Every structure is written in structure tokens, then in C-alpha cells.
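Structure first, then comments.
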Amino acid sequence: MQQIGREIAQVALTSLLSLAAMFLFTRLGGKRQIAQMSPFDYLNAVTVGSIAAEMATNLEAWYRPLTALIVYGVVTWGVERSACKSVALRTFWSGRAVILMQNGVIRKESLRRAMIDLNEFLGQARIAGYFDPNEIETAILENNGQISFLPKSTSRPATPQDLGLAPDPASAWYDLILDGRLMADNLKATGRDESWLQAQLHKAGIGQRHEVFYAACDKQGRFFACRGA
């Protein structure tokens, strides 16, 4: 029983060490999501996950996968840093975007070079909202595998400028109350104070701040608040 207890404790310790190493690795890799990763980034993340799992259960030589994890982390950090500092290296690591459709014409050679068949291309267009190929001016395969579509000027949504309108300036919304807690820094960033917030809550039919589940506003004074269900 003592032997089993020691092994369980060692697995728990190496698991925590593995998690800490994985956390540092993901921090070094930036804040990109899976959909924003290049193929190299994705395969690297999968490999690192496998190494971390090996480190958590390899009780006799846990330092070996830890060493490999450190090497992968350092190399990945070096690749990301070099890509940020050099256009040439960025192109080498990530490749170039590929124009799949230009001036309304699908480029067969580009599809072949990107190893994308016509059905897949048309499916991606439908996912993006373009069921009619006549609406597409340009399509570009980005480095992360996503396809960007530029609609023709006659097919894009009308803008206020097209209609001769002058709407109020756009503004980000600030979370003022989250889960009943006042976000004082956000309230200050909007240029308003707690007295203004309380007045807005009264207008919304909410008497006390502690009743609020969520509240937000923008710099133009538009306001939203609700109680918790």
C-alpha cells in the first residue's frame, strides 16, 4: 500500500509539473486560437500535449519528456519572435496567402497548389454566406487555412455612407457590473461615476446595485442592465 501511495503522489506531482510547463508553453505561444494557428503551430501543440501526458505518467524518467517540452517551448518561442521581427522569416515559417479566386474567376491552378478541391471551395463559400458564386470578387486562402471572401461591390451590404447617412460614432461597450460586482476601472474609463450608474439603474427599474446581474454602457451613454434570472 505504501508503494502505491508513493506512486500516486509522484503521479500527482509530475502531473502538476506537466500542467505548469504546458501553461508556460501556451503563454509563450501567444493568445491565438486554434482557428488562427498555422499547420506548424497546430502540429506543435498536439506534439507538446503528447509529451506533457508522457511526463505525467513516466515515473522513472520524467525529466526526459520535461527536457523535450522545454526544447519545444524554446524553439516555438524563437519561431514566433523571428516571425514578428522579419518579413522574410515570417514568409518562410508561415508561407504566403494564396489567391483562389480573382475578378470573379476561380483559379484552378491555385486550388491545385493549395490542395483544395472545387467542392470544398464552394462549401467554404456557402459557410461564409455566398451561395451564388457571382457575388464573389476575390477569395484568398490565408496562412491559417481560413478562406477570406471579398464580395463584389454590387453584392455587399449597403453602408451608411452609401445611403448618405451620418450615424453616431461607434464605441466599444464597457462591462460595468459583472455577476453583481462593480467594475470600477471600466466605469471610470467611460468618464462616468457611480451616481450616473445608479441613476441609469433607476431608469431601468432596478432599485439597488446588488440586484444587478449584468450592466454595460458605451461612451455615447447607451445603457443596458438586467437582473439575474
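The values are calculated or read from the model by the stated rules, or taken from the named source; none is laboratory data. A quick note: this is a predicted structure, and the numbers were derived from the prediction, not measured. A quick note on method: Cβ atoms are made from the backbone with ideal geometry, for glycine too, and the neighbour counts reach across all protein chains shown. Areas reflect the complete protein model, heavy atoms only, side chains present, ligands, DNA and RNA absent. Shrake-Rupley method; radii C 1.70, N 1.55, O 1.52, S 1.80 Å.
Relative to the Cα centre, what is the charge dipole magnitude of the chain, using +1 at the beta carbon of each Lys and Arg, -1 at the beta carbon of each Asp and Glu, and rounding to the nearest 20 debye?
With Lys and Arg at +1 and Asp and Glu at -1, about 380 debye.
Which ³J(HN,Hα) values in Hz, rounded to whole numbers, follow from the phi angles of region 77-82 under the Karplus curve 6.51 cos²θ - 1.76 cosθ + 1.60, where θ = phi - 60° and Gly and Pro get x?
Each residue's phi maps through the Karplus curve to give 4, x, 5, 5, 5, 5 Hz.
If R₀ is 25 angstrom, what is the calculated FRET efficiency for the pair residue 89 and residue 142, using the beta carbon separation as r and rounding to 0.05?
The calculated FRET efficiency here is 0.85.
What is the sum of charges around residue 13, taking Lys and Arg as +1, Asp and Glu as -1, for the other residues whose C-beta is under 12 Å from the C-beta of residue 13?
Values: positive: 6; negative: 7.
Residues close to residue 13 contribute a combined charge of 0.
Pick from 103, 186, 143 the residue whose mean-square fluctuation is largest in a GNM of the chain, springs joining Cα atoms under 10 Å.
186
Sorting 142, 120 by accessible area (1.4 Å probe), largest first, what list results? Can you show the working numbers first?
On the way: 142 65, 120 90 Å².
Result, largest first: 120, 142.
Taking 22 Å as R0, compute the FRET efficiency from the Cβ-Cβ separation of residue 188 and residue 220 and round it to 0.05. The partial results should precede the final answer.
Details: r = 17 Å, r/R0 = 0.77.
Calculated value: 0.85.
When the helix-only estimate is applied to the chain (DSSP H runs of n ≥ 4, each -39,500 (n - 2.57), divided by the residue count), what is the mean residue ellipticity at 222 nm, nearest 500 deg cm²/dmol? Could the numbers behind the result be given before it?
Values: 8 runs with 109 residues, N = 229.
Calculated mean residue ellipticity at 222 nm is -15500 deg cm²/dmol.
With each label point set 7 Å from Cα along the Cα-Cβ vector, what nm distance links residue 64 and residue 154?
6.7 nm
I need to check one value: relative contact order of the chain, counting alpha carbon pairs closer than 8 Å and at least 6 residues apart, in percent.
It comes to 12 percent, rounded to a whole number.
Set the Förster distance to 22 Å, then compute FRET efficiency between residue 126 and residue 161 from the Cβ-Cβ distance, nearest 0.05.
Rounded to the nearest 0.05, the efficiency is 0.15.
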